[in-house]
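Working notes, structure below.
The values are calculated or read from the model by the stated rules, or taken from the named source; none is laboratory data. Here the structure is a predicted model, which is why all the values come from computation and not from measurement. Cβ placement follows ideal geometry from the backbone for every residue including glycine, while neighbour counts extend to all protein chains displayed. When the accessible area is computed, the model is the full protein with side chains, heavy atoms only, and any ligands, DNA or RNA have been set aside. Shrake-Rupley method; radii C 1.70, N 1.55, O 1.52, S 1.80 Å.
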Amino acid sequence: MIKKHIKISIFIVLLCSIFSFLPNNSFLVNAGSGFFTEDFSTTTYLDVVNTNATGWGSGLVKSPYKENLELKSIYNNTKDPVDVFVDGDYAYVADYHGDLSIFDVSDSSNPVSISNYSIGNGAGTPTGVFVLDSVCYVATRHWGLQIVDVSTPSVPNNFSAYYTIDLPHDVFVEGDYAYVADEEGGVQIVDISNPSIPTNASAIDVGGRGYGVYVENSKLYVAEYYGKFLVYDVTTPTAPVHLGNVSTTSNPNDLSVDGDVAYLANGFGGFYTINVTDPNNPNVLDNYSTGNHMRDAKFREKIVYVTDAMLGVLVLDICDPTDITLITSYDTYNWPEGLFVKDGMVYVTDYMGGFLILDHRGYENRVVAQSTTIVSITDEAQFANATMLLTSHSTLWSGMAIGLYLSADGGVNWQHVDNGQETILTNPGTDLRFQLVLICLNLVNVTWISELEISYTTKLNGVGKSSPSHLSGTNDNTTTLTWFSLTGAASYWLQVDSAGTWVSPEINVTLSGSATDYTTSALPDGLYNWRIAGIDSDGDLGSWSTEWIFTIDTIKPNVTGPDDFTYSEGEIGNNITFAYTEINPSTLTIYLDYAPIDPGLITFGTNHFNVSADGLADGSHNFTCVMSDVAGNTGSYTVIVTVTPVIEEYMQIIIALPILMIVGLTVISISKRRE
């Protein structure tokens, strides 16, 4: 069989998956002889008509999010909230006027205020909040870094405070260290291994004002107010190392990082995506601007939520970080500041507007991602077997499933394939396509597909046969079998079997790939099945041809009938019965005086048939029965029927009158002579 191998790895990228979008990605869309890969970064193989999943061309396909954000609740008894962090069932809201408010948000439609912790007697001006291991870290403009014990959220207690050089604006905690954006104090790195006694670990001069911080994989990312995005190596927090930076416009505020992409809320400069694959050389990928001030940015599964001073909360599609698009927005009507995203819920602090909870859970329940032709082969071969491998970055959550389907006949018939199991294609063909069906009944999580891996084999088609045709016959014991040449066949395997089981065929030979006929050895009379298959250059057997049956019969039909007979004109019931002995009869013709009789005048029985000889003209007539079998043998029998005329009584009188007249005249003549 002709073998080709396509590798299509299916990676289902879920909530925590990392998507590599960069041009030097080694797994790109590629197709060639025996090779295909698909990472959905182009739409080359997208079947637009039959695909309603989104994201194809951006590096992944997924179930579309529901269109709109839904307001679940608003709590406006806070003063002027500026930031929020959610941990478990609790939301920690920092209020600009010096309070840390803690809410039970287990019921998102009815958040309950369970405690309020005052910082600096109401003059602490918190600006950022972070919670880890039941400790809440609050960046305040006038009271440094406040560290609060929230092991019992309803009764928060002060652990300690760490006073920085300038005005803390943001805080991020990783391991035993708190990273504080300290405006003109740059970034202060604080050892909080003992929260009761925070100590200085190191400090970074960012060449301006530190406004936002984020840590991932031992890299510190800093938003600097005067228009810089900086990266530091903090593998050793006590000795941070500057790696690289890139300039942005306006005044960066806050940021988050997901793998190779950083998301930056850049004040009046809009929203930025930044490539941090090489931390020594970060570069801007795209910028989305509304002309308004953007304060915070949090990501979730290839979308980003951004607070916009005039438009509220923007939902941006960053499946392709080089092409940011707006999905939807929600107007909070005031001045949205900070936000936090958890399990599809968006928690927003709106300065002068209160604390809002927005619901962005839910996806289309069933979507399809279908390809056009990914590989095609010549008509001389067909796809035979295929294996499709599904690999996920995390376990599929409840209510989520992916169906894998392949079509070898151009999408006419689709066959479900089990993950990692080789499948025999029940509808083989020459046009291979794939189909992915995403079922998503989970309100919180969505499944993304980023790569495919398929392996398959093809085999030669069945050989087209020429003669002897199906159900034909021959009267030659050495039969010549013929077929049409098959491209790709290095040899042929031919079999002839009287039993049709192919266990012990009478003829079982391998022939060269140039052969198109074969004459058998002498075979006895009988019924035979024959078939033939091509074998490719790898020695793999192709599909067997359809099985044809032929008959060898060297004995002509034995036809018998009655002896010649005579009947008088007008007699009826003069039937002729011909009998025959033949196991493979084909045609029958009865001739009357060398002209064929209408078959409708022949009565057929078991191994015999009758024809009426009534109504013939006077004289002799030939009835000849000719029978042929499927092998072309002919047998015949001839009966001669003679019809004699019949003289009627009035005709006898007419004939007798002249005689009587002659006799009468003779008597008269004799009498006269005597006289």
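ILE583 meets each of the listed conditions (1) part of a strand (DSSP E or B); (2) modelled with pLDDT under 95 apart from (1). Scanning region 195-213 for residues that are open to solvent by 50 Å² or more (accessible area, probe 1.4 Å) and under 54 Å from the mean Cα position of the chain (by Cα) yields ALA203, ASP205, GLY207. When residues in region 466-495 are screened for being within 13 Å of ALA515 (Cβ to Cβ), at pLDDT 90 or above and not aromatic (Phe, Trp, Tyr), 9 of them pass.
Take TYR232 and decide whether it is within 25 Å of CYS319 (Cα to Cα), under 47 Å from the mean Cα position of the chain (by Cα) and not acidic (Asp, Glu).
No.
Taking the criterion of being small (Gly, Ala, Ser) and either touching a Cys at 6+ places or on another chain (Cβ under 6 Å) or not in a strand (DSSP E or B) (or both), the residues of region 595-632 that qualify are GLY600, ALA613, GLY615, ALA617, ALA631, GLY632.
If you go through region 104-163 and keep only what is without any contact (Cβ under 8 Å) to a residue 12 or more places away in the chain and of a type in the set (A, V, I, L, M), you end up with just VAL112.
So that you can scan it fast, the table gives a plain yes or no per residue for (1) without any contact (Cβ under 8 Å) to a residue 60 or more places away in the chain; (2) at negative phi:
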position	(1), (2)
LEU460	no, yes
LYS465	no, yes
TYR492	yes, yes
GLY500	yes, no
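Taken over region 299-344, residues that are open to solvent by less than 10 Å² (accessible area, probe 1.4 Å) and aliphatic (A, V, I, L, M) amount to 10.
Consider ASN419 against the criteria (1) surrounded by 16 or more Cβ atoms within 10 Å (Cβ to Cβ); (2) of a type in the set (S, T, N, Q); (3) under 30 Å from the mean Cα position of the chain (by Cα): it satisfies all of them except one. Which criterion is unmet? (1) is the only condition that ASN419 fails. Considering region 365-389, the residues that are open to solvent by 20 Å² or more (accessible area, probe 1.4 Å), of a type outside the set (Ser, Thr, Tyr) and not in a strand (DSSP E or B) include one that is farthest from ILE439 (Cα to Cα), namely GLU380. Under the condition of being hydroxyl-bearing (Ser, Thr, Tyr), within 37 Å of the chain's Cα centre (by Cα) and open to solvent by less than 30 Å² (accessible area, probe 1.4 Å), which residue from region 479-515 is farthest from ASP525 (Cα to Cα)? Top of the filtered list is SER491. Hey, any hits in region 64-73 for a residue that's in a loop (DSSP other than H, G, I, E, B), open to solvent by 30 Å² or more (accessible area, probe 1.4 Å) and in contact with a Ser or Thr (Cβ under 8 Å, 6 or more places away or on another chain)? For region 64-73, residues in a loop (DSSP other than H, G, I, E, B), open to solvent by 30 Å² or more (accessible area, probe 1.4 Å) and in contact with a Ser or Thr (Cβ under 8 Å, 6 or more places away or on another chain): present. So, THR447, is that one farther than 30 Å from THR54 by Cβ and among the hydroxyl-bearing types (Ser, Thr, Tyr) or not? In short, no.
Residues checked against (1) open to solvent by 10 Å² or more (accessible area, probe 1.4 Å); (2) closer than 25 Å to TRP143 by Cα:
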position: ALA178; (1), (2): no, yes
position: HIS242; (1), (2): yes, no
position: VAL261; (1), (2): no, no
position: THR277; (1), (2): yes, no
position: ASP286; (1), (2): yes, no
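For region 444-478, filtered to residues that are among the hydroxyl-bearing types (Ser, Thr, Tyr) and part of a loop (DSSP other than H, G, I, E, B), the residue that is farthest from SER521 (Cα to Cα) is THR447.
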